[in-house]
Amino acid sequence: MSRPGRDDSPDRLYTLTGGRSRSAPGTPFDLVTLVVAECDPVPGMQSEHTTILRLTERPTAVVEIAAELGLPVSITKVLLSDLLTAGRVSALQPHKAAMIDLDILEQVLVGLRNL
């Protein structure tokens, strides 16, 4: 079984990103960054960019976008960086969970074991 992006021709991936293998420095993308489209696709836009804008009409995680495109996350981040620079998408970092009390987790574990 092949994995998405693993069997793609390196030439295709090189062409998609203009030869870049990393997103621009300072871009906020990690696997769970939520991406939201700021505009609709326009004629003449790269097909992957068009697909990203359609996928991100609602907040969508970078990892989900990569899976839908069937591309490696690193390539997806480059494409997202292009769209962010052009002002076509915005990036939202999910809220970090409050500090978890280990005592509560231990009590839950004990309770589950007692079931």
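The values are calculated or read from the model by the stated rules, or taken from the named source; none is laboratory data. Keep in mind that what you see is a predicted model, and the values were worked out from it rather than measured. Because the Cβ atoms are built from the backbone with ideal geometry, glycine has one as well, and the counts that use them run over all protein chains shown. Calculation scope for accessible area: heavy atoms of the full protein, side chains included, ligands and nucleic acids excluded. Shrake-Rupley method; radii C 1.70, N 1.55, O 1.52, S 1.80 Å.
Checking the stretch 96-112 against the condition returns no match, with no residue being in contact with a strand residue (DSSP E or B) (Cβ under 9 Å, 6 or more places away or on another chain) and either outside any helix (DSSP H, G or I) or closer than 30 Å to Leu16 by Cα (or both). Cβ-Cβ contacts under 8 Å between residues 6 or more apart (or on different chains), taken from a first residue in the stretch 67-78 that is crowded, with 22+ Cβ neighbours inside 10 Å to a second residue that is among the aromatic types (Phe, Trp, Tyr) and modelled with pLDDT under 90, are listed as Lys77/Phe29.
Kindly indicate whether Val36 is at pLDDT 95 or above and either closer than 21 Å to His95 by Cβ or aromatic (Phe, Trp, Tyr) (or both). So Val36 fits the description; yes. With respect to Asp30, is the statement that it is in a loop (DSSP other than H, G, I, E, B) and surrounded by fewer than 18 Cβ atoms within 10 Å (Cβ to Cβ) true? Taking the combined requirement at face value, the residue satisfies it.
Can you name the residue in the stretch 36-52 that is assigned to a helix (DSSP H, G or I) and either of a type in the set (Ser, Thr, Tyr) or free of Cβ contacts under 8 Å to residues at least 24 places away in the same chain (or both) and is also nearest to Leu13 (Cα to Cα) among such residues? Taking the candidates together, the pick is Ser47.
If you scan the stretch 74-95, which residues turn out to be among the hydrophobic types (A, V, I, L, M, F, W, C) and not in a strand (DSSP E or B)?
Answer for the stretch 74-95, where residues must be among the hydrophobic types (A, V, I, L, M, F, W, C) and not in a strand (DSSP E or B): Ile75, Val78, Leu79, Leu80, Leu83, Leu84, Ala86.
If the condition is being touching a strand residue (DSSP E or B) at 6+ places or on another chain (Cβ under 7 Å) and open to solvent by 60 Å² or more (accessible area, probe 1.4 Å), then the stretch 45-59 contributes Glu57, Pro59.
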